[in-house]
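Accompanying notes for the structure given below.
The values are calculated or read from the model by the stated rules, or taken from the named source; none is laboratory data. Every value quoted in this text rests on a predicted model; they were computed, and no experiment measured them. Note: ideal-geometry Cβ built from the backbone for every residue, glycine included; neighbour counts use all protein chains shown.
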Amino acid sequence: MRHFKQTIAKCLTLPGDALCGDITAVTVNCLRIATTILDGRGTPTEHEVAQLESTATQWARDGVPVDVILHALHEGSKMAHELVANQSGLAAVAECVDIGARTVDLLDLMTTTVTMAYLREYRVVAGERPNAVHALTTALMNGRATAAMAREYGLSIADRYHLLAVSMAPVSATTDDSVGDRAVSRQAIRRIRSELAVRCGNDVMSVLSVSGGTILVPSSALSSDRLTSLIEAVAEAAGAVITSVHLEVAVDEIPEMSQILHHMVDVANRLQRALFAEAETRLYRFDELAAEYQLTRPGVVRDSLASRIEPLMAHPLLLETLTAYLLNDQNRQSTARRLYIHPNTIDHRLKRIAVITGLDPARADGQWTLRSALIARTYPPRPVSSTCEFGADATVRTG
């Protein structure tokens, strides 16, 4: 490894994560392959060759130049040849020729495996025609796509799509906008597009950035029950936590519904933070967030609903208890375990909440209003105006 760092200078200019982590394991695997061939013990195992191929595919997705990898393979083979020749005490010309021939076999296997892995990955990426795909996807989202435009780009427009609004939160956030960080971001987008093409075919379209975007999958290319596994695979490829909302739509519904679905993604992320939930990759169906989306629409109704929970803002322990209680299906035992307190303490706090807010968490109507108020509260209230469409003294009763 030290020798590689000293001799393969180009590698040092790559993003930090491109040559760390499993690089030592890959080197060990390559040494096993070299040992098998140079010792004349036949051919390496399929598992060893497959591991090298899989790693080369990942390097291609990460944007590691193929010439750097091939140079490393030749450098390693040269080292292996010199080691065997020097320590064997070879004297006969025939033995030198034999070990040289084995080294050629070694290079033939390794370079062919790596090169073919790179070519397959490049074909997938080239098949996406990223500029054309980006242009047509943008046109679909703006309601300007036409059959003529699709033919010009060599693409096709489906009748119906799985519309996926996506937000991404990197597992380890970058701290600045350095060249390395931007390179890592581009690699993540490249890996996502590659994963989408492999799973959904070349007709999948997307507009993506490191913070999220929109994915359009033709309904005929993937069944709805496979979307969850698709999002999980995309999250793994991106190295990010993904929140996504899905709805199957007709092509002419994309402009309107993409805006709504992105609002729903924002609602889901806000709720996750407000309800003290751990960040995790999740795919929401449209119906799962319909009520929450409606409760968070701007207006006097949302403001009035949010105000019902305002008295608890000065009592963070009570607010935490109420949130946990509602998240645990109003089960006091589960809530007590989550908060590491006695169930009787839960009862005492729920009674205080009822006194402070005028809404009893133990009653169905109180639970509904309090839950709705918590959701509405995830958005800041609008600035207070001197006039109101319902009159200055009007109030909206909600439960």
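Answer yes or no: is there a residue in segment 101-120 that is out of contact with any Gly (no Cβ under 7 Å at 6 or more places or on another chain), closer than 22 Å to Leu222 by Cβ, surrounded by fewer than 17 Cβ atoms within 10 Å (Cβ to Cβ) and modelled with pLDDT under 80. Within segment 101-120, one or more residues are out of contact with any Gly (no Cβ under 7 Å at 6 or more places or on another chain), closer than 22 Å to Leu222 by Cβ, surrounded by fewer than 17 Cβ atoms within 10 Å (Cβ to Cβ) and modelled with pLDDT under 80.
A single member of Glu278, Glu256 is within 30 Å of Leu317 (Cβ to Cβ) and without any contact (Cβ under 8 Å) to a residue 24 or more places away in the chain, and it is Glu278.
So, of the residues in segment 141-157 that are over 30 Å from the mean Cα position of the chain (by Cα) and among the small types (Gly, Ala, Ser), which turns out to be farthest from Pro218 (Cα to Cα)? Within segment 141-157, the match that is farthest from Pro218 (Cα to Cα) is Ala148.
None of Thr138, Thr35 is at pLDDT 80 or above, polar (S, T, N, Q) and touching a strand residue (DSSP E or B) at 6+ places or on another chain (Cβ under 9 Å) except Thr138. Could you go through segment 81-89 and let me know if any residue there is out of contact with any Asp or Glu (no Cβ under 9 Å at 6 or more places or on another chain) and at pLDDT 75 or above. Within segment 81-89, one or more residues are out of contact with any Asp or Glu (no Cβ under 9 Å at 6 or more places or on another chain) and at pLDDT 75 or above.
The criterion of being modelled with pLDDT under 90 and either assigned by TED's automatic domain parsing to the domain that holds His134 or touching a strand residue (DSSP E or B) at 6+ places or on another chain (Cβ under 9 Å) (or both) does not hold for Ala250.
Against the conditions (1) modelled with pLDDT of 75 or more; (2) assigned to a helix (DSSP H, G or I), Arg41 satisfies every one except (2). Only a single item in (1) at pLDDT below 90; (2) more than 33 Å from the chain's Cα centre (by Cα); (3) in a helix (DSSP H, G or I) is not met by Ile375, and it is number (2).
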